[in-house]
Structures are given as structure tokens and as C-alpha cells.
Amino acid sequence: MKLRTFFSSCMAMAVLALAAPLFQSCGIYSFSGTSIQPDVNTVTINYFEYKALRVNPTLSNDLTEALKDQFQRLTRLEQVDMDGDLEIVGEITGYDVRATAVTADEVAAQNRLTVTVKIYFTNRKYPEDDFEKSFSAYADYDSMQSLDAVEATLCEDIIDTLIEDIFNATVANW
């Protein structure tokens, strides 16, 4: 019985090893979940302009660098300063704090920090993929804490969510 399981495992691994080059050779799909056409080789990720009323002085840079890192880690695309096959232009349009839970005394028990980003995506090789879309992410925190005390941690979580959503919308077609 153990020998049969061993051979089944070996057979499954052999099939995967033989099939992997077939999926790779088409050039469109990858194991990272991207679907980039084989003739798309470069990406330009512009600095995210800050247009929200409430100010976070590091958010534009943090968001821009996180998106660049994601593309470098998960795609084969070369990052160029201008005129990439793909281009992402973004602006932070919202940075808001609102109460989400109120106590019986009508006092906020929990607050929510929400960041909204507008993305303009251009695919110079396949213009039918171009889009303009807003993405939003939030993180909640206890109202007994000041925003200053938790802002850095909240922004890290929010940036992670936004980057995943933007990446999926631009090169994973999700």
C-alpha cells in the first residue's frame, strides 16, 4: 500500500514537471497569477499624487514604492521612468477617519481610517485593457487610541490591501 502511494506521488510530480514548461511557454499566464502578454516588457509606475484633504506626508511615497516592489517581485517587467508598455498613474483622493461603532452614550467606540486611490491604467500595446478606477481600503482602531499612535500600522495594512487590489486589476485581470 505504501509503495502504491509512493508511485502515485512520483507520477503526480512527474506530470507537474512536464506540464510546467507548457504553461510557461505560452507567455501569458504565470504561477504568480499574472496574465501579461508576451510582447509587454516594461512598466512605468508614476509617483502617486496626494489630493486628499487630510494630510499624511509619507503615504504617497509609501504607496508608490510598495507598488513598484510588488511589480518587481511578481512580474518579469522592467520598470522604466517613462513610456512603459504599461503605465500606472495614481492619486490619493481620500484619507478619512469616521466613527464606525457608537456606545450607548453616543460616543465613538471604534474608528475607521479609509484611504481611497484613483488609478489610471494605460496598456500601450493593448489599449482595450485601459481603465480608470478608484480603489478603497480601510482599517479599524479603538477610539481610545489616537490616530497618531496607530496611523503607521493602519497605513501599512491599508497599503497592502490597495497594492494587491491594484496589482490584480492591472496585470492579473481579476
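The values are calculated or read from the model by the stated rules, or taken from the named source; none is laboratory data. Computed from a predicted model, the values in this text were never measured in an experiment. Neighbour counts are summed over all protein chains in view; Cβ atoms, including those assigned to glycine, are modelled from backbone coordinates with ideal geometry.
Summed over segment 45-61, the residues that are buried (at least 17 other Cβ atoms within 10 Å of the Cβ) and part of a helix (DSSP H, G or I) give a count of 2. Filtering segment 81-101 to residues that are in a loop (DSSP other than H, G, I, E, B) and surrounded by 15 or more Cβ atoms within 10 Å (Cβ to Cβ) leaves Gly84, Asp85. Residues of segment 107-146 that are of a type in the set (A, V, I, L, M, F, W, C) and either in a strand (DSSP E or B) or modelled with pLDDT of 95 or more (or both): Ala108, Ala109, Leu113, Val115, Val117, Ile119, Phe121, Phe131, Phe135, Ala137, Ala139. Restricting Val117, Val150, Val107 to those that are in the same structural domain as Asn56 (by TED's automatic domain parsing) and in contact with a helix residue (DSSP H, G or I) (Cβ under 8 Å, 6 or more places away or on another chain) reduces the list to Val117. When Leu77 is tested against (1) touching a Lys or Arg at 6+ places or on another chain (Cβ under 8 Å); (2) within 17 Å of Thr44 (Cβ to Cβ), exactly one condition is not met: (1).
Kindly provide the set of residues from segment 102-141 that are surrounded by 12 or more Cβ atoms within 10 Å (Cβ to Cβ), of a type in the set (Asp, Glu) and under 22 Å from Asp160 (Cα atoms), ordered by number. Within segment 102-141, just Asp140 meets the criteria.
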